[in-house]
Each structure stands twice: as C-alpha cells, then as structure tokens.
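Scroll down for the structure; my scribbles are underneath it.
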Amino acid sequence: QVQLVESGGGLVQTGGSLRLSCSASGNIFSITVMGWYRQAPGNQRELVATVTSGGKTNYADFVKGRFIISRDNNKNTVYLEMNSLKPEDTAVYYCNANINLLGRWGRGTQVTVSS
C-alpha cells in the first residue's frame, strides 16, 4: 500500500517561514511528478508547485519568488520551502504524487499565518 505523509505545518507570523515535507512509502516502482496543492476554507483546492523527477519545477504565480519546491528522489520525498508568508497563504497544504502511474494524495497539513 502506497502512502504519502506530510509534515511541517504549523502557525507562523506574517513574513515568517515554514518548510513542509512529504514522504512516499510502500510498494513504489516509479514516481514522476510530485507537488503541493492547498485549500483554504470555502475555496477550491489549487496548485502551489510541482517538480518532475528530473527537477523541472512549476509554480503558481502567487508563490513565485517566495516558495521553493525540491525533491530527494532517493528518499521519495518532496519539500516546500515557504518564505515571506502572508495571511492569505493560510490553508491546508496537500502533497500529491504520481506513483506507479496513479495520482495519490496525502491527508494534508495545516498552515496558519497570523497577521
């Protein structure tokens, strides 16, 4: 059984930083794209950033210059370094990965930015 487990969320003040991690475990043959999405109350889930197995990254416009996505293929782990956080970044952040040709989701981690 394949699992994605996120960690690193929490409460931070405006302008602060957090680092999220997401590790995949289980019977894994391949992982292509890994990424982060977020969902704020009353809003739809939206893309934050993705990274391919080759390291190509893609960012939503609202995080460009503030967030950095990276991954360690040996550890089946993807990271999201979040800097200059704003109250509007408050959301549940979900890890997503294409594992064994299927899209998988983590259970999410709460990020709260206080003003």
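The values are calculated or read from the model by the stated rules, or taken from the named source; none is laboratory data. Here the structure is a predicted model, which means the values were calculated and not measured. We place every Cβ from the backbone using ideal geometry, glycine too, and count neighbours over all the protein chains shown. What goes into the accessible areas is simple: the full protein's heavy atoms, side chains included, and nothing from ligands, DNA or RNA. Shrake-Rupley method; radii C 1.70, N 1.55, O 1.52, S 1.80 Å.
Annotations for the structure displayed:
- Test result for Asn83, surrounded by 15 or more Cβ atoms within 10 Å (Cβ to Cβ), in contact (Cβ under 8 Å) with a residue 12 or more places away in the chain and over 11 Å from the mean Cα position of the chain (by Cα): no
- Residue within the range 19-30 that is assigned to a strand (DSSP E or B), crowded, with 20+ Cβ neighbours inside 10 Å and touching a helix residue (DSSP H, G or I) at 6+ places or on another chain (Cβ under 8 Å) present: no
- Residues satisfying the stated conditions in the range 75-87, i.e. farther than 14 Å from Ser21 by Cβ and part of a loop (DSSP other than H, G, I, E, B): Asn83, Ser84, Leu85, Lys86
- Scan of the range 20-49 for residues that are among the polar types (S, T, N, Q) and in contact with a Phe, Trp or Tyr (Cβ under 8 Å, 6 or more places away or on another chain), ordered by number: Ser21, Gln39
- Selection count where residues are of a type in the set (Ser, Thr, Tyr) and closer than 15 Å to Leu20 by Cα, scope the range 34-59: 2
- Residue within the range 87-99 that is in contact (Cβ under 8 Å) with a residue 60 or more places away in the chain and exposed (fewer than 14 other Cβ atoms within 10 Å of the Cβ) present: yes
- Qualifying positions in the range 100-111 - within 16 Å of Leu18 (Cα to Cα) and open to solvent by 50 Å² or more (accessible area, probe 1.4 Å): Gln110
- Any chance Arg45 is modelled with pLDDT of 95 or more, open to solvent by less than 60 Å² (accessible area, probe 1.4 Å), of a type in the set (Lys, Arg) and within 20 Å of Trp105 (Cα to Cα): no
- Checking Ala49, Ala60, Ala40 one by one, the residue that is out of contact with any helix residue (DSSP H, G or I) (no Cβ under 6 Å at 6 or more places or on another chain) and touching a residue at least 40 places away in the same chain (Cβ under 8 Å) is Ala40 and no other.
- Number of positions in the range 50-69 that are part of a strand (DSSP E or B) and either among the charged types (D, E, K, R) or surrounded by 15 or more Cβ atoms within 10 Å (Cβ to Cβ) (or both): 6
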